[in-house]
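**Student:** To start, I am sharing the structure in question, which I have written as structure tokens.
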Amino acid sequence: MIKIPVLDLKNNVAVSGQSGNRKNYKPLNTIFAQSSDPVEIAKNLKMNGAKEIYIADLDLIDSNGHNIHQIKMINNILPVILDGGVKDFESYTFFLDYAYKVIVPTETLANLDELYKIFEAFPKERIVISIDMKGDKLFSRHLDITLDKLKEILKVLDPAEIILLDLLDVGTNKGFNMNLLEEFKKFKEKLIIAGGINKKSLKELENKGIKKVLIGNALHSGDIPIF
């Protein structure tokens with residue numbers, strides 16, 4: 001199983017929080033640096049064996065500024081999987097200059113036509129779909145779609161990687177929502193699991209054949225090693 005480190009950026013520093021409540025995020029305390037400087041953290045993650053890194057630019061996602069210069073520097077250290085709150089084809093194209101892979105999240109995607117345009121224009125290896133959930137409900141600002149319809153679309157698009165994220169579990173270390181995994185079991189080979197992962201759920205996910213996970217707080221606290 002590959003463990004991909006998570007960095008959430010806000011106001012040019014790495015931050016941590018719980019359950020997706022971004023207003024209350026605080027500077028990140030991590031064993032990989034003496035500060036919350038994301039570039040320093042990325043350098044030390046690489047020294048400790050990380051092969052790529054997931055970055056969420058919370059300012060971009062919330063349309064409240066950006067951390068794009070730090071992200072570009074980090075992408076020269078480790079390949080970045082970037083969630084910058086892609087809304088459409090234009091914003092996806094822009095972010096390709098700053099990251100190795102760019103996430104198309106259900107949270108911010110404007111409509112499904114933009115998703116189809118992205119898949120028509122770019123190689124699947126650079127596209128990651130993020131299915132953003134809050135418990136058993138799809139989280140989206142613009143899409144009015146059922147999970148069954150979303151799964152039909154995923155079958156057609158056949159993405160290389162799909163992040164399955166329960167925002168309510170972020171930063172809680174209480175374990176991943178296994179009911180959610182069951183809902184998307186047909187895509188198991190493509191899934192990157194995220195949200196609340198602890199040692200116990202890591203073992204459970206590995207036993208279920210999951211190949212990749214995103215780990216934030218548990219990794220930065222030293223509770224879960226990169227390897």
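What follows draws every value from the coordinates through simple rules; no lab data is involved. Predicted model only: the values in this text are computed from it and were never measured. Positions of Cβ are backbone-derived with ideal geometry, glycine not excepted, and every protein chain shown enters the neighbour counts.
**Student:** In deg cm²/dmol, rounded to 500, what helix-only [θ] at 222 nm does the chain give when every DSSP H run of at least 4 residues adds -39500 (n - 2.57) and the total is split over its residues? Mind showing how you got there, number by number?
**Tutor:** On the way: 9 runs with 69 residues, N = 227.
My calculation for the chain gives -8000 deg cm²/dmol from helical runs alone.
**Student:** Under the rule of at least 5 residues apart or a separate chain, name every residue whose amide H is placed under 5 Å from the amide H of Ile163.
**Tutor:** Ile129, Ser130, Ile131, Ile192
**Student:** Restricting to the stretch 2-220, what percent of DSSP beta bridges are antiparallel, rounded to 5?
**Tutor:** Numbers: 7 of 38 bridges.
If we restrict to bridges inside the stretch 2-220, about 20 percent are antiparallel.
**Student:** Hey, another quick one. Exceeding 26 Å between C-alpha atoms, which entries from my cross-link table qualify? They are Lys185/Lys212; Lys101/Lys200; Lys26/Lys117; Lys51/Lys188; Lys124/Lys151.
**Tutor:** Details: Lys185/Lys212 14 Å; Lys101/Lys200 29 Å; Lys26/Lys117 37 Å; Lys51/Lys188 21 Å; Lys124/Lys151 17 Å.
Lys101/Lys200; Lys26/Lys117, as the Cα separations exceed 26 Å there.
**Student:** Residue-wise, which Karplus ³J(HN,Hα) couplings in Hz belong to the stretch 118-126, taking 6.51 cos²θ - 1.76 cosθ + 1.60, θ = phi - 60°, and x for glycine or proline?
**Tutor:** For the stretch 118-126, the Karplus curve yields 4, 5, 6, 9, 10, x, 4, 5, 9 Hz.
**Student:** Let me ask something else about it. Express in nm, to one decimal, how much length is gained between His142 and Leu96 on full extension, taking 0.36 nm for each residue of separation and deducting their alpha carbon distance. Walk me through the numbers before you get to the answer.
**Tutor:** On the way: separation 46, 0.36 × 46 = 16.56 nm, distance 2.28 nm.
Separation in residues times 0.36 nm, less the Cα-Cα distance, equals 14.3 nm.
**Student:** In addition: Sort Glu52, Glu189 by Cβ crowding within 10 Å, fewest neighbours at the top. Intermediate values should be presented prior to the final figure.
**Tutor:** On the way: Glu52 17, Glu189 10.
Going from least to most buried by this count: Glu189, Glu52.
**Student:** Name the residue from His142, Tyr116, Ile226 whose Cα lies farthest towards the positive end of the charge dipole of the chain, charges +1 on Cβ of Lys and Arg and -1 on Cβ of Asp and Glu.
**Tutor:** The residue sitting farthest along the positive end of the dipole is Ile226.
**Student:** Output ³J(HN,Hα) for the stretch 155-167: one whole-Hz value per residue in order, computed from phi by the Karplus curve 6.51 cos²θ - 1.76 cosθ + 1.60 with θ = phi - 60°, and x for Gly and Pro.
**Tutor:** Ordered by residue, 3J(HN,Hα) equals 4, 6, 6, 6, x, 6, 9, 10, 7, 10, 10, 9, 5 Hz.
**Student:** Still on this structure, please answer the following. Taking the Cα centre of the chain as origin, work out the dipole magnitude from +1 charges on Lys and Arg Cβ and -1 charges on Asp and Glu Cβ, in debye rounded to 20. Could the numbers behind the result be given before it?
**Tutor:** Values: 31 positive and 31 negative charges, 146 e Å.
It works out to roughly 700 debye.
**Student:** What are the ³J(HN,Hα) couplings of the stretch 212-225, residue after residue, when phi is run through the Karplus curve with 6.51, -1.76, 1.60 and θ = phi - 60°? Round to Hz, x for glycine and proline.
**Tutor:** Running phi through 6.51 cos²θ - 1.76 cosθ + 1.60 with θ = phi - 60° gives 9, 9, 9, 10, x, 4, 5, 6, 6, 7, x, 5, 10, x Hz.
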